[in-house]
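Notes for the one structure printed next.
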Amino acid sequence: MKATLIFDTHAYVKKLKSVGFTEEQAEVQAEAMSSLIEEGLATKRDLRELELRLSIRLGTIMTAGVAAIAVLMKLFTH
């Protein structure tokens, strides 16, 4: 499920027009900005999922490392 980010394109267009953009320029800019936000930004949920996956991966790597050290110690201490 993709989280929805709220970006008020109408307010953005009004701000751009107030500093000299034409209606067309402001609308194109707002559409481009909206697309970037929807496609490119990570949400808090995305970051939590990434953190969970990385934690699991790190735990697996650490467990494998400890197991490898235990095997090596057993082999070389006899």
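Every read-out reported here was derived from the displayed coordinates using simple, explicitly stated rules and does not represent laboratory data. Predicted model only: the values in this text are computed from it and were never measured.
Annotations for the structure displayed:
- Our helix-only sum for the chain, with -39,500 (n - 2.57) per DSSP H run of n ≥ 4 divided by its residues, gives a mean residue ellipticity at 222 nm of -27000 deg cm²/dmol.
- Fully extended contour minus Cα-Cα distance, from Leu54 to Lys74, at 0.36 nm per residue: 4.2 nm
- In the chain, the longest principal axis of the Cα atoms and the axis of helix 44-76 are about 20 degrees apart.
- Straightening the chain between Glu24 and Asp8 buys 4.1 nm, computed as 0.36 nm per residue apart minus the Cα-Cα spacing.
- Matching label, volume of the Cα convex hull per residue in Å³ computed from the structure shown, candidates (1) 127; (2) 117; (3) 78: (2)
- The angle between the Cα long axis of helix 9-18 and the main principal axis of the chain comes to about 50°, on a 0 to 90 degree scale.
- Potential lengthening between Lys44 and Ala32 on full extension [0.36 nm per residue; Cα-Cα distance subtracted]: 2.1 nm
- Choice from Ala67, Ala42, Ala26 showing the highest fluctuation, given a GNM over the chain with Cα pairs closer than 10 Å: Ala67
- Angle between the chain longest axis and helix 23-40 axis [Cα atoms, degrees, rounded to 10]: 10
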